[in-house]
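The values are calculated or read from the model by the stated rules, or taken from the named source; none is laboratory data. This one's a predicted model, so the numbers in the text were calculated from it and none came from an experiment. Note: ideal-geometry Cβ built from the backbone for every residue, glycine included; neighbour counts use all protein chains shown. Quick note on the areas: whole protein, heavy atoms, side chains included, nothing else; ligands and nucleic acids left out. Shrake-Rupley method; radii C 1.70, N 1.55, O 1.52, S 1.80 Å.
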Amino acid sequence: LYNIPTGVRLTALLDHAALERAVTEVMRRHEALRTSFSVVDEQPVQIIALPRPVHIPLHDLSALPDEGREREAQRLATTEAKLPFNLSAGPLLRVSLLRLGPSEHVVLVTMHHIVSDGWSMNLLIQEMTSLYGAYAAGQEIRLPELPVQYADYGVCQREWLQGEVLEGEV
C-alpha cells in the first residue's frame, strides 16, 4: 500500500557493476534511504544505518520467448511493487534488474513512502542515471554533498510544530 515503485527500461549494454556502484552512492548520499524505524521506550525512533555496498539481484529472462519475456517481466515488476518492507529492518529501498536481452534491461526501483514521495523518486532516478553514466564510462564523479538530510528536516518540523502552531493543527 505504501510502496512507490517505478521501472526504467534501458536499451543499451548494461554495466551491472556500474549500476550497483551508482545505487550504492545514492544510498550513501541520502540517509533516509538507509533509515529504519524502531520503538524505544514506547517512542518511535529513526535508526540510520552506515553506508554499505548494494547488491542488485539480476533476473535473466533472455532465454524466454518474446511474449513470455514481457509477461514475466510484468509479473516480476508487479510482485516487486507489492512486496512489503520491514520498517524495523530496512533498507526501505529495493533495486532489482531484469535482463530481457543483451541490450535490453529493466531496472525496478521500489521505495517505501515513509522515506520517499513521487518527487523524491524522480530525484533518485536522476542521480542514479548521472552516476551510472559516469561510472559506466570509467569516469569518477562526486555529486555535491547534501547540506540537509531528511532527519534534519524532521527536527526542524518538530521544533516548529509546537505550541500555538500545533494547537491550530488539531
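Within region 111-128, residues that are touching a residue at least 60 places away in the same chain (Cβ under 8 Å) and under 17 Å from Gly7 (Cβ atoms) have Cβ atoms under 8 Å from residues that are open to solvent by 70 Å² or more (accessible area, probe 1.4 Å) and of a type in the set (Gly, Ala, Ser) in no pair, counting only partners at least 6 apart in sequence or on another chain. Being open to solvent by less than 90 Å² (accessible area, probe 1.4 Å), part of a strand (DSSP E or B) and under 14 Å from Gly7 (Cβ atoms), is that true of even one residue in region 47-57? No: region 47-57 contains no residue that is open to solvent by less than 90 Å² (accessible area, probe 1.4 Å), part of a strand (DSSP E or B) and under 14 Å from Gly7 (Cβ atoms). Being without any contact (Cβ under 8 Å) to a residue 40 or more places away in the chain and out of contact with any helix residue (DSSP H, G or I) (no Cβ under 6 Å at 6 or more places or on another chain) holds for only one residue in Leu50, Leu87, and it is Leu50. Which ones in region 1-34 are farther than 23 Å from Pro51 by Cβ and of a type in the set (Ser, Thr, Tyr)? Answer for region 1-34, where residues must be farther than 23 Å from Pro51 by Cβ and of a type in the set (Ser, Thr, Tyr): Tyr2, Thr11. When region 11-46 is limited to residues that are of a type in the set (A, V, I, L, M) and in a strand (DSSP E or B), the one that is farthest from Ala134 (Cα to Cα) turns out to be Val40.
Looking only at region 59-86, count how many residues are open to solvent by 60 Å² or more (accessible area, probe 1.4 Å), closer than 30 Å to Ser36 by Cβ and assigned to a loop (DSSP other than H, G, I, E, B). Total meeting the criteria: 3.
Number of residues in region 117-128 that are among the polar types (S, T, N, Q) and loosely packed, with under 14 Cβ neighbours inside 10 Å: the value is 2.
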